[in-house]
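*Asks:* Please see the structure below; I have some questions.
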Amino acid sequence: MVINLCKEHSLISNWISEIRDVSIQNDRMRFRRNLERIGEVAAYEISKILPHQTKEIKTPLGVANHLVLQSQPVLATILRAGLPLHQGLLNYFDKADNAFISAYRKHHKDGSFEISLEYVSCPDLTNRVLIIADPMLATGASLVKTIQQLEEQGKPAAVHLVVAIACTAGIDYVQRLAPHAHIWCGDIDEELTAKSYIVPGLGDAGDLAFGTKMQS
Ligand code: URA
């Protein structure tokens with residue numbers, strides 16, 4: 001299932017426009033906060049399809065029955081660019097357990113690169129709902145590797161991916177290699193450059209959120 005959250009008129013489209021906009025995106029605090037807000041809306045949308053149960057709530061004056069989440073999901077993020085989106089999910093799933101994984105593009109002299117996963121910190125995922133935050137779904141290689149790595153910690157009941165901007169090639173790749181994953185996108189672009197940047201995209205999400213880094 002692929003959901004484009006930008007399809008209908010809503011605030012999310014305003015925030016996506018700001019993280020793309022060269023005259024706004026260099027305001028780092030605003031860039032991070034916009035990603036966080038996209039994570040908050042995605043959390044709300046995902047919550048609508050998570051299992052709920054009825055709970056009897058005692059108020060000072062009586063009893064009310066409410067549907068509440070059966071259990072909290074596990075929120076995972078790919079360091080470092082996923083952190084603001086992750087924070088947005090955590091603002092809403094505020095009792096969630098969390099997983100972190102480091103993935104980066106290890107560049108070769110010929111210009112090609114491979115995805116290197118190193119740090120992994122993850123609870124048991126057996127029968128849990130897993131939600132993975134990654135702002136840019138470009139080739140899909142790091143997300144697929146992340147899903148495979150995290151699923152070694154137990155088979156989740158469901159896997160949701162939350163991305164700010166996805167490109168169609170990356171969506172196709174994830175759907176081929178991880179067809180069970182639901183993909184929630186802030187917006188979807190068509191083009192990917194030879195260096196695997198999304199066009200029009202927004203540039204480098206990690207650098208915009210946290211500053212430039214030395215090339216590895
Ligand atoms: N990662 C980014 O930060 N930007 C892209 O366009 C692709 C991957």
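*Asks:* Give me the one-decimal nm value for the distance between modelled label points at D207 and S102, 7 Å along each residue's Cα-to-Cβ direction.
*Replies:* A separation of 2.0 nm, rounded to one decimal place.
*Asks:* Would you list which lysines come within 18 Å of K95, measuring only between C-alpha atoms, while excluding same-chain residues fewer than 8 positions from it?
*Replies:* K48, K55
*Asks:* Please report the relative contact order for the chain, taking Cα pairs under 8 Å with a sequence separation of at least 6, and give it as a percent rounded to a whole number.
*Replies:* Worked out over the chain, it gives 22 percent.
*Asks:* A further question on this structure: Using a 1.4 angstrom probe on heavy atoms only, work out the carbon and sulfur share of the accessible area of the chain in %.
*Replies:* 51 percent
*Asks:* Can you give me the distance in nm between label points at Q53 and Y197, each placed 7 Å from the Cα along the Cα-to-Cβ direction?
*Replies:* Reported label-point gap for Q53 and Y197 is 5.0 nm.
*Asks:* Using R₀ = 41 Å, calculate the FRET efficiency as 1/(1 + (r/R₀)^6) where r is the Cβ-Cβ separation of L67 and N26; round to 0.05. Intermediate results must be reported in sequence, preceding the final value.
*Replies:* Details: r = 43 Å, r/R0 = 1.04.
Efficiency computed from Cβ-Cβ geometry: 0.45.
*Asks:* What do you get for trypsin sites (Lys or Arg not before Pro) in the range 1-105 restricted to DSSP loop and a cutoff of at most 11 other Cβ within 10 Å of the site's Cβ?
*Replies:* Here the sparse-neighbourhood loop sites are K48, K95.
*Asks:* Still on this structure: How long are the semi-axes of the ellipsoid equivalent to the chain, from square roots of 5 times the Cα gyration tensor eigenvalues, in whole Å, largest first?
*Replies:* Details: eigenvalues 183, 84, 49 Å².
Each semi-axis is the square root of five times an eigenvalue, giving 30, 21, 16 Å.
*Asks:* What is the helix-to-structure angle for 83-92, meaning the angle in degrees between its Cα long axis and the longest Cα principal axis of the chain, kept from 0 to 90 and rounded to the nearest 10?
*Replies:* That helix lies at roughly 10 degrees to the long axis.
*Asks:* Same structure, new question: With every protein chain present, what is the per residue accessible area of the chain (1.4 Å probe, Å²)?
*Replies:* Here the residues of the chain average 53 Å² of exposed surface.
*Asks:* List the trypsin sites (Lys or Arg not before Pro) in the range 167-216 that DSSP assigns to loop (not H, G, I, E or B) and whose Cβ has at most 13 other Cβ atoms within 10 Å. Which are they?
*Replies:* Values: sites: R176, K195, K213; in loops: K195, K213.
Listed in order of number, the matching sites are K195, K213.
*Asks:* Now, a different point. What are the extents of the Cα atoms of the range 149-203 along their three principal axes, in Å, largest first?
*Replies:* 36, 21, 18
*Asks:* OK, next. Tally Lys and Arg at +1 and Asp and Glu at -1 over the other residues with C-beta under 10 Å from the C-beta of G201: what net charge comes out?
*Replies:* Charge balance near G201 sits at -3.
The values are calculated or read from the model by the stated rules, or taken from the named source; none is laboratory data. This one's a predicted model, so the numbers in the text were calculated from it and none came from an experiment. Backbone-built Cβ (ideal geometry, glycine too); neighbour counts: all protein chains shown. Note: areas computed on protein heavy atoms with side chains; ligands, DNA, RNA excluded. Shrake-Rupley method; radii C 1.70, N 1.55, O 1.52, S 1.80 Å.
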